[in-house]
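Just below is one structure, and these are the notes that go with it.
The values are calculated or read from the model by the stated rules, or taken from the named source; none is laboratory data. Since we're looking at a predicted model, the values are computed, not measured. In this analysis, Cβ positions are derived from the backbone assuming ideal geometry, glycine residues included, and neighbour counts consider all displayed protein chains.
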Amino acid sequence: MSGTGSRSWTVFLFGIIGSRGKPRRRYEGKSAMIRVGIFGLGTIGRRVCWAVEAGIPGIALAGGTGRDGAKAEAFLASLPSKPPFLPPEELIQASDLVLEAATQAALQDLAPKVLGAGKDLMVLSCGGLLGRSDWVELARRNRCRILVPSGAIAGLDGVKGARVGAITAVTMESRKPPCGWTGARYIEETRIDLEAIREETLIFEGTATEACRAFPANVNVVAALSLAGVGPERTRIKVFAVPGLARNTHRITLEGEFGRLQIQVENVPSENPRTGKLSYLSAIALLRDLGATVKVGT
Ligand SMILES: NC(=O)c1ccc[n+]([C@@H]2O[C@H](COP(=O)([O-])OP(=O)(O)OC[C@H]3O[C@@H](n4cnc5c(N)ncnc54)[C@H](O)[C@@H]3O)[C@@H](O)[C@H]2O)c1
């Protein structure tokens, strides 16, 4: 994968964790409201809007944008504070932080604009971040940050701690019912007949980089895991289709000098069957942390 050699990888993580010597974003540790612009008003974007409107200390909505303008405008008008519908450039100008909840494809266009304007970017389609050490460099130059919520998995605190020492292996297994993989690039290319699957079947195995290309809307979780840990080339994933499975399940196993860590998450799907509820809850939790006086957890 491009740009993810060990040096650029260190650069990437360093960009996420913090930078030396330069002042942090203006709102950190200060009382000013953080104005959040929502890019993509689907399942996650709407939930985040509702949560901010319900009240998150220190956080306010700057506005939102969506591909279907009329629908997005009607949604924003239904919120108590009636945040404006804004085209992307205006949304960026009006925001301190832009929360992307659209697609990996949309992120490719959005990220350079947000970071180029010196605004923070929270990314849900985080598979699109793999290989983009150029964005990390842009964020560093403009003194802004790229934030990645844990999304549909848990345990990234432990993974980050483990990474300070030596990690020897990180593997992940993702299980969804066959329909949970419908429409993915890999399924289309290999013409796997998901409807013909009658028992648990391994349909894909590879690195996080390969998985994010193969399943751009389904395995952002492995991207987040790889960003927190040892990078996308050393993080491996197996993808299973399991007929009758009610909850999308992710199992992570991490080995290192600290010992062994195993995490299993069984996600209740939201109205979007590909998106578990924990995905938006975790984005809301990260916003809460930004505005909070006390921050708990790594
Ligand atoms: N990190 C994670 O763990 C995790 C978990 C679940 C979903 N996701 C990802 O988060 C993203 C959002 O998920 P969702 O469930 O809300 O999806 P969704 O399909 O419900 O909503 C996405 C919205 O973005 C809009 N959109 C798409 N392209 C756009 C563009 N160019 N400009 C403006 N709006 C655009 C769509 O119209 C839609 O309303 C997806 O990429 C998904 O794969 C990540």
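Odds and ends about this structure:
- Residue in the range 251-298 that is surrounded by the most Cβ atoms within 10 Å (Cβ to Cβ), counting only those that are within 15 Å of the ligand (Cβ to nearest atom) and among the β-branched types (Val, Ile, Thr): Ile252
- Any hit, the range 191-210, residues being at positive phi and basic (Lys, Arg): yes
One line per residue, one yes/no per condition, for (1) in a strand (DSSP E or B); (2) within 15 Å of the ligand (Cβ to nearest atom):
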site	(1), (2)
Ser174	yes, yes
Glu188	no, no
Ile192	no, no
Leu202	yes, no
Gly206	yes, no
Glu210	no, no
Arg213	no, yes
Ala217	no, yes
Val221	no, yes
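- Looking across the range 257-298, the residues that are more than 20 Å from the chain's Cα centre (by Cα), on the phi < 0 side of the Ramachandran plot and part of a strand (DSSP E or B) come down to Arg260, Leu261, Gln262.
- Scan of the range 67-119 for residues that are within 22 Å of the chain's Cα centre (by Cα), within 14 Å of the ligand (Cβ to nearest atom) and of a type in the set (Gly, Ala, Ser), ordered by number: Ala72, Ala101, Ala102, Ala105, Ala106, Ala111
- Flag if Ala139 is farther than 20 Å from Ile284 by Cβ, under 21 Å from the mean Cα position of the chain (by Cα), part of a helix (DSSP H, G or I) and more than 15 Å from the ligand (Cβ to nearest atom): yes
- Filtering the range 195-212 to residues that are among the charged types (D, E, K, R) and without any contact (Cβ under 8 Å) to a residue 40 or more places away in the chain leaves Glu195, Glu205, Glu210.
- One residue alone among Gly127, Gly131 is buried (at least 23 other Cβ atoms within 10 Å of the Cβ), in the same structural domain as Ser282 (by TED's automatic domain parsing) and not in a strand (DSSP E or B), and that residue is Gly127.
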